[in-house]
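The structure appears below as structure tokens.
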Amino acid sequence: MKLRVCGVSFVQAEKGVKLSKQNIMKAMMVALLLIAGATVFASRPQGQEAREKPILPENYLPDGAERDLIFQACVQCHDLRNTVSQRKTAAGWKRTVDEMIWRGAPLMADEAETVTKYLSASFGPDKPIPDEFKKKSAGNKR
């Protein structure tokens, strides 16, 4: 005896065994779960298990009250990746802070001076750029 359900043929192995609708439904559910599990497992990209931690630029800001000012004024418009990856003199940072104020950064004059000093001390030309923020060569771009 052959039973066909959703394009799948079931053949009765023994004469004494009857396939009930309930048993067929259970078998179909198990098969669907196995297929779904295999699909999810197979669709996972290779190397996903060893995924790198995301780089958080804010982790590269030294502690201090100035850090809080940067979070208050700078991250409203952009993330801190460019900030922590640049190396500038005090004059260069002053120019950048002044431009950000011109663009709308909510800093008072004394706060701008504090932020400029903090940035030039933390990200001056003598400070190394973390490897995570160094520009990749044109051959590695995707």
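The values are calculated or read from the model by the stated rules, or taken from the named source; none is laboratory data. Note that the structure is predicted; figures quoted are calculated from it, not measured. In this analysis, Cβ positions are derived from the backbone assuming ideal geometry, glycine residues included, and neighbour counts consider all displayed protein chains.
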> Looking only at the range 122-142, which residues are of a type in the set (Lys, Arg) and at pLDDT below 85?
Replying inline: LYS134, LYS135, LYS136, LYS141, ARG142
>> Please go through the range 84-121 and give me each residue that is modelled with pLDDT of 90 or more and of a type in the set (Ser, Thr, Tyr), ordered by number.
In response: THR89, THR96, THR114, THR116, TYR118, SER120
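Yes/no matrix, rows are residues, columns are (1) part of a loop (DSSP other than H, G, I, E, B); (2) more than 28 Å from PRO54 (Cβ to Cβ); (3) touching a His at 6+ places or on another chain (Cβ under 7 Å):
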site	(1), (2), (3)
GLN76	yes, no, no
THR83	no, no, no
ALA91	no, yes, no
ASP110	no, yes, no
TYR118	no, no, no
GLY124	yes, no, no
LYS127	yes, no, no
> Out of (1) free of Cβ contacts under 8 Å to residues at least 24 places away in the same chain; (2) buried (at least 16 other Cβ atoms within 10 Å of the Cβ), what's the single condition that is false for LEU119?
Replying inline: (1)
>> Condition first: at pLDDT 80 or above, assigned to a helix (DSSP H, G or I) and charged (D, E, K, R). Now tell me which residues in the range 22-71 satisfy that.
In response: LYS26, GLU66, ARG67, ASP68
